[in-house]
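This report concerns only the one structure given below.
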Amino acid sequence: MRRCLYILLVGLLSSCTGIVSHEGSLDWTLFRGNEQLSGYTRTALPENPTLQWSYQTKSRTVSSPVVLNGVTYWCDRKGKVYGVDLSGEQVFSYDLKTMVEATPMIRDSVLFIGTIEGQMVALSLTKQDVLWSHETFGQISASPNHMGFAGRDAIVFGSYDNYLYCIDQQDGELINQYESGYYLNGAVALTDKHVIFGGCDQWVRVINCVTGVQTDSLLLEAYIPCSPAIMGNDAYIGDYSGNIYELRVINGKITNYRMLLAATDEDGDNVSVPAIDDKSLYVFTGGRFLTAVDRKSGDVKWTQMLKGNVGDSSPVVCRDKVIACTKTGIVSIFSSQDGSLLWEYDAGEEIVGSPAIIKGHFFILTVRGMLLCFGS
């Protein structure tokens with residue numbers, strides 16, 4: 001009985017804080033690992049990782065990998081979906097026959113992915129066929145997110161037609177939508193029944209997905225091409241110039257906010273998502289630095305120079321380690337405590353996606369469509 005209660009409490013805590021609680025899981029089904037996009041997992045990275053295998057498609061992609069039951073999925077820019085198992089064998093293939101830049105999401109053995117033509121597509125991994133598609137009037141560039149409410153499962157995403165969409169997971173029918181001031185480039189992050197996202201009109205918005213009504217908003221100093229990251233009641237988001245903000249959001253209202261990290265002359269072109277643990281924020285700064293900031297005091301704890309510009313990639317925190325990738329193809333693991341370099345690998349190809357972490361392995365996808373699997 002106590003074990004059941006413990007599991008229930010851990011599950012509830014994880015859903016509120018933005019932590020992936022399944023340490024033994026072979027799943028990483030969502031961009032940044034969870035609905036809060038926190039980029040944090042309790043799953044430990046392998047000790048002294050080595051390259052287990054690589055799978056080369058030679059087809060360009062800007063996607064991050066997602067994983068279900070040990071099978072890694074992604075989509076190339078021409079719309080071909082790949083699935084590669086833990087032995088490095090391709091076990092799934094489907095051609096959407098349309099251009100794709102977005103990272104997929106997997107939910108109930110269905111892969112959800114947005115296209116440049118503005119379709120949100122539900123692709124069954126078991127039937128290997130499209131179940132439905134929902135049309136918007138602008139390209140979809142970011143991963144969708146998932147929300148459950150009132151006995152329904154909903155898919156939430158933004159489009160370049162300026163709308164935030166909340167659609168039914170089962171049939172793709174519209175539940176509600178919200179019109180923002182400009183197109184939506186990043187993924188939305190979930191907090192309770194609300195989502196938070198930034199737009200290219202410089203506004204951070206909080207939307208109640210049950211009603212489709214905006215409950216609060218905040219104007220930043222530059223436009224916001226990237227996604228927020230949430231842990232508990234705190235949301236962190238960067239603008240394009242490199243400023244990083246902390247927002248306290250309670251019941252759909254921004255009760256307090258501050259600029260946690262101000263942009264420097266070297267900052268700018270910021271499109272990455274912060275990663276969070278219980279004490280620190282980890283964010284790329286100046287194009288090629290990984291910086292750890294104390295969430296309580298706002299003080300910089302440490303800064304590490306990376307071997308190349310980071311581009312669109314984002315860091316991930318795995319217990320006491322941080323993993324980061326660069327456009328020059330360098331994959332690095334640092335201590336979250338002091339920033340010391342623990343491990344490094346040169347992929348030899350450009351990386352713009354974020355890592356996926358499961359039990360005993362992590363995956364890196366290059367822009368030329370090479371999937372790298374690392375393990376002990």
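Points to keep in mind about this one:
- The listed residue being at positive phi and in contact with a strand residue (DSSP E or B) (Cβ under 6 Å, 6 or more places away or on another chain), out of Gln202, Gln214: Gln202
- The number of residues in region 232-253 that are buried (at least 22 other Cβ atoms within 10 Å of the Cβ) and touching a helix residue (DSSP H, G or I) at 6+ places or on another chain (Cβ under 6 Å) comes to 0.
- Residue count for region 206-243, restricted to those that are aliphatic (A, V, I, L, M) and over 17 Å from the mean Cα position of the chain (by Cα): 8
- In the set Gly70, Gly39, Gly24, only one residue is farther than 16 Å from Arg368 by Cα and at pLDDT below 95; that residue is Gly24.
- Selection from region 69-82 of residues that are part of a strand (DSSP E or B) and surrounded by fewer than 20 Cβ atoms within 10 Å (Cβ to Cβ): Lys80
- Looking across region 164-214, the residues that are among the polar types (S, T, N, Q) and in a loop (DSSP other than H, G, I, E, B) come down to Gln169, Gln170, Ser180, Asn185, Gln202, Thr211.
- Scan region 37-68 for residues that are part of a loop (DSSP other than H, G, I, E, B) and within 25 Å of Asp320 (Cα to Cα) and the total you get is 13.
- Positions within region 119-163 being part of a loop (DSSP other than H, G, I, E, B), over 20 Å from the mean Cα position of the chain (by Cα) and not hydroxyl-bearing (Ser, Thr, Tyr), in sequence order: Leu125, Lys127, Gln128, Phe137, Gly138, Ala150, Gly151, Asp161, Asn162
- Identity of the residue in region 173-205, small (Gly, Ala, Ser) and over 14 Å from Tyr163 (Cβ atoms), that ends up farthest from the chain's Cα centre (by Cα): Gly198
- So Asp153, is it under 24 Å from Thr41 (Cα atoms), in contact (Cβ under 8 Å) with a residue 60 or more places away in the chain, among the charged types (D, E, K, R) and surrounded by fewer than 20 Cβ atoms within 10 Å (Cβ to Cβ): no
The values are calculated or read from the model by the stated rules, or taken from the named source; none is laboratory data. Note that the structure is predicted; figures quoted are calculated from it, not measured. A quick note on method: Cβ atoms are made from the backbone with ideal geometry, for glycine too, and the neighbour counts reach across all protein chains shown.
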